[in-house]
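The values are calculated or read from the model by the stated rules, or taken from the named source; none is laboratory data. Everything quoted here is computed from the prediction, not taken from an experiment. Note that we place each Cβ from the backbone using ideal geometry, even for glycine, and neighbour counts take in every protein chain shown. SASA here: full protein model, heavy atoms, side chains in, ligands and nucleic acids out. Shrake-Rupley method; radii C 1.70, N 1.55, O 1.52, S 1.80 Å.
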Amino acid sequence: MSLKSTFRSLKHTNYRMWAGGAIVSNVGTWMQRTAQDWIVLTQLTDKNATAIGIVIGLQFGPQVLLLPVTGFAADHLDRRKLLIATQAAMGLLALGLGILTVGGWVQLWHVYLFALLLGCVTAFDAPARQTFVADLVGENDLSNAVALNSTSFNLGRTIGPAIAGVLIAAVGCGWVFLINGVSYIAVIASLYLLKRDQLTPVDRAMRNRGRLTDGFRYVWKRPGLRTLLLMLFLIGTFGLKFPIYISTMTVTVFHADADHYGLLTSLAAVGSVAGALLSASTARPRLGAILIAAGVFGLAFVLAALMPGFWMFGLMLVLIGLSAQMFTTTTNSAVQLSTDPAMRGRVIAILMAIFLGGSPIGGPIVGWVADRYGARWALLVGAASALAAVLVGLRYMVRYRGLRIEMQGVLPRLRYDEAPAPAGPTSPPSPNTHSPTQND
């Protein structure tokens, strides 16, 4: 892995400014998520995992409900101005929840309400933020920039929960919310300081009637995109419910406190940072790598459910975080690179809706399993989601890529063919750029 290759997007001045502001905000965001889950589980309810599932559902449900509008906005509006507005709104919501908590007025329904409002703002923020990367670095470094964005996000996930655990024990959850609200100043300042003459021009979609549904038609006609998004839905809906898995294991199995919860969350994030850096070092996303990451993710969940002690469970969280990040980052890059720039905002809005919008389904279900059968059984729900995703990917590989087993000496090797080149606007482009035959 070459450092120059891994961090090549940092040669762009605008991307460096954006990344600097984002890391500060990401740390604050993960501090808030940790405090929010902890206050719901231990202060506002009696260790009720279903309540956390409801919070997750409310926070990410608007990704689906507002999908046509948010994708249209990302493709037609000035993304920089849109991001300034959404980041400011998210900061104000964090400050509002912090004031209620510090003042001693917070109730469970307040957390539900703020989660819903945050979800509405995030629905506009996420597709604009994901596609804004192309404006900062251009097409050649897009895959690398997506991976480095994930690295920044997961560095925040590594640092934020650990800091939150200490602050919760020292001063309470309310101050964690307030600190997160202030952290948004960094990313807003970076957006104001960008050199707008160095932003990469992006073709804007025409404002014709009916364009809100173009993203769905575009995805539906491309089997590769459909497969990637379905795999992402399965794992995102039932597998990536870390707040439920980690908090319930911490409280009900290991009988530990907020410091230990923050530590376990940080261990999962350490793996995620490693996975993001591995993804950043690759030139192009590969479908075989996505399938392998999904398989490792499922196996790690099974092993985590069997771990008898705190530290062994934490070790499995590192592997879960690494494989989850390789899966999500590589899938994100594959989708963006196989989508026309003028359609990218709507397709990414669909991706984010599928990735996060399944939470109203998966969050309460995983929480109910944890409450009814125990935290270890809930982990097996995550394992099952990964197995289903692998089966979906294998079906596509067999049907469209000619996946087959060939013997190379005494060892079996999996081989598949590159998808045919697009013949027209409705032909399914390959999410990878492979040579005619690949080994994975």
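Overview of values
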| read-out | value |
| --- | --- |
| Most mobile listed residue (ARG226, ARG399, ARG33) in the chain, GNM with C-alpha springs under 10 Å | ARG399 |
| Accessible area per residue, Å², segment 110-190 with all protein chains present, probe 1.4 Å | 30 |
| Pairwise Cα inverse-distance average, inverted: Kirkwood Rh of the chain (Å) | 22.0 |
| Simple spin-label estimate for VAL302 and THR13 in nanometres, 7 Å along Cα-Cβ | 5.3 |
| Potential extension, ALA88-VAL69 segment - 0.36 nm per residue separation minus Cα distance | 4.9 nm |
| Candidate residues LYS241, LYS221, LYS81: accessible-area rank, largest first, probe 1.4 Å | LYS81, LYS221, LYS241 |
| With every protein chain in place, the chain: carbon and sulfur % of accessible area (1.4 Å) | 68 |
| Reach of LYS11 by Cα under 19 Å, taken over lysines that are not fewer than 8 positions away in the same chain | LYS195 |
| Per-selection Kirkwood Rh - segment 1-79 (Cα, Å, 1 d.p.) | 16.2 |
| Extension reserve of the THR200-TRP377 stretch, reckoned as 0.36 nm per residue once the Cα distance is removed | 58.9 nm |
| Under the span-like rule (Cα at least 27 Å along the axis, Kyte-Doolittle mean at least -1.0), DSSP H helices of the chain | 13-39, 79-102, 108-137, 142-170, 173-193, 258-280, 287-306, 310-337, 375-400 |
| About the Cα centre, charge dipole magnitude for segment 221-351 (Lys/Arg +1, Asp/Glu -1 at Cβ), debye | 740 |
| Expected 222 nm ellipticity per residue - DSSP helices of 4 or more, -39500 (n - 2.57), all of the chain, to 500 | -24000 deg cm²/dmol |
| Zone of VAL182's modelled label, taken as backbone nitrogen in segment 21-60 under 13 Å from a point 7 Å along Cα→Cβ | 28 |
| The chain - charge dipole about Cα centre, Lys and Arg +1 at Cβ, Asp and Glu -1, debye rounded to 20 | 1020 |
